[in-house]
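Right, one structure below, let's go through it.
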Amino acid sequence: MENTVWHYLPFDHFFNPNKRIYWPYLVLCVFYALIFIWFSRTKKNGFKINYWFNKSTLNDVIIWLGNHIIQLTIFPLLFISSLSLASRFYHSLNDVFGEIQFGGLPYSWGIVLYSVSYFLLSDFTRFILHYLMHHNQFLWRIHRMHHTAESLTPITFFRVHPFEMVLFHLRFLLVHGIVTGTFIYLFSEIFDFPTIFGSSFFVFFTNVLGGNLRHSNIPIGFGFFERFLVSPKQHQMHHSKQIDMQQSNYGSFFSFWDRLFSTWKSSKGVKEIQYGIKEEAQQSLVKDLLYPLFGDMFKIKKGS
């Protein structure tokens, strides 16, 4: 099969180093899981067949495939590229403040400064949007689909309502456009991200730290370092049916946003976590898709 065709299939995610479920990242997470299970004092169910093959995981795959089709067909018609937005932001800065240039910045330092600026703003805006999705009634109706998963797998990451996918894509366009446009304005160059083995440095770093284990039942915590980085177990707590845990640990990578907003919870002492929505009786794709528009018909309360 030609690469140009393969690129448009969702299974390309397993072979693209810039994708979360790139196969070496998955293999590394299996390695982490085996080590954890080996040294854990209690038995874990991470490799039981019925955990990975059930109605919930089937819905994960269906939603993932459906959203991929939407990304290929509808997104190109709705959105300008992030570089086009960056260009517009650059010209707006130039019109308002006039021409400003800071010379003498080494290219290597420019890459570092650009990458850190983008990553911090991106992580913060992800946190804010995620937080709002739990505290705004309409946004919760959209985000609720992600929390109906009763088995967490790496594919659960893609279990999002199409409306949520649009919102996060708009967030990406805005952040990438603002940061890139600002650096073009200040330094006259488009800085790129550093790469490792063909992957963005931050994508690589996030997944080497076990990013895919966040959507799993392998409860690895980071101990003291959870004050700075979100551990897999902290995100699993966020998927709990218990409301107090579900409304905590909204961060994607850094946990200090949660500490700033008083939504941080340590994973220390947390035992078994039951995933899903409290009142959910059965997996229903139709309900999850229609709930944002017709939520009152289902008689489901916000945050339940």
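The values are calculated or read from the model by the stated rules, or taken from the named source; none is laboratory data. Values in this document were obtained by computation on a predicted structure and should not be read as measured data. Please note: Cβ atoms are built from the backbone with ideal geometry, for glycine as well, and neighbour counts cover all protein chains shown. In case anyone asks, the SASA skips ligands and DNA or RNA and just uses the protein heavy atoms, side chains included. Shrake-Rupley method; radii C 1.70, N 1.55, O 1.52, S 1.80 Å.
Here are some notes:
- Condition met for Ser122 (under 16 Å from the mean Cα position of the chain (by Cα), surrounded by 18 or more Cβ atoms within 10 Å (Cβ to Cβ), assigned to a helix (DSSP H, G or I) and polar (S, T, N, Q)): yes
- Qualifying residue in the stretch 263-274 (condition: modelled with pLDDT under 95, open to solvent by 20 Å² or more (accessible area, probe 1.4 Å), touching a strand residue (DSSP E or B) at 6+ places or on another chain (Cβ under 7 Å) and within 23 Å of Glu150 (Cβ to Cβ)): yes
- Selection from the stretch 236-253 of residues that are open to solvent by 40 Å² or more (accessible area, probe 1.4 Å) and either of a type in the set (Asp, Glu) or closer than 13 Å to Phe222 by Cβ (or both): Asp244
- Any hit, the stretch 69-78, residues being over 15 Å from the mean Cα position of the chain (by Cα), over 25 Å from Lys233 (Cα atoms), modelled with pLDDT under 90 and open to solvent by less than 70 Å² (accessible area, probe 1.4 Å): yes
- Residue match in the stretch 17-40 (condition: at pLDDT below 80 and either in contact with a Ser or Thr (Cβ under 6 Å, 6 or more places away or on another chain) or on the phi > 0 side of the Ramachandran plot (or both)): no
- Residue tally, condition farther than 18 Å from Pro154 by Cα and either touching a Pro at 6+ places or on another chain (Cβ under 9 Å) or buried (at least 24 other Cβ atoms within 10 Å of the Cβ) (or both), over the stretch 205-235: 1
- Count of the stretch 217-254 residues, restricted to those that are under 14 Å from the mean Cα position of the chain (by Cα) and of a type in the set (Ser, Thr, Tyr), is 3.
- So His143, is it under 21 Å from Gln274 (Cα atoms) and in contact with a Gly (Cβ under 9 Å, 6 or more places away or on another chain): no
- Screening the candidates Leu173, Leu129, Leu167, Leu152 for the property of being touching a Leu at 6+ places or on another chain (Cβ under 6 Å) and open to solvent by less than 60 Å² (accessible area, probe 1.4 Å) yields one hit, Leu173.
- Flag for Phe102 being of a type in the set (Phe, Trp, Tyr) and at pLDDT 90 or above: no
- Taking the stretch 149-183 as the range and being among the hydroxyl-bearing types (Ser, Thr, Tyr), out of contact with any Ser or Thr (no Cβ under 6 Å at 6 or more places or on another chain) and under 20 Å from His215 (Cβ atoms) as the test, only Thr156 passes.
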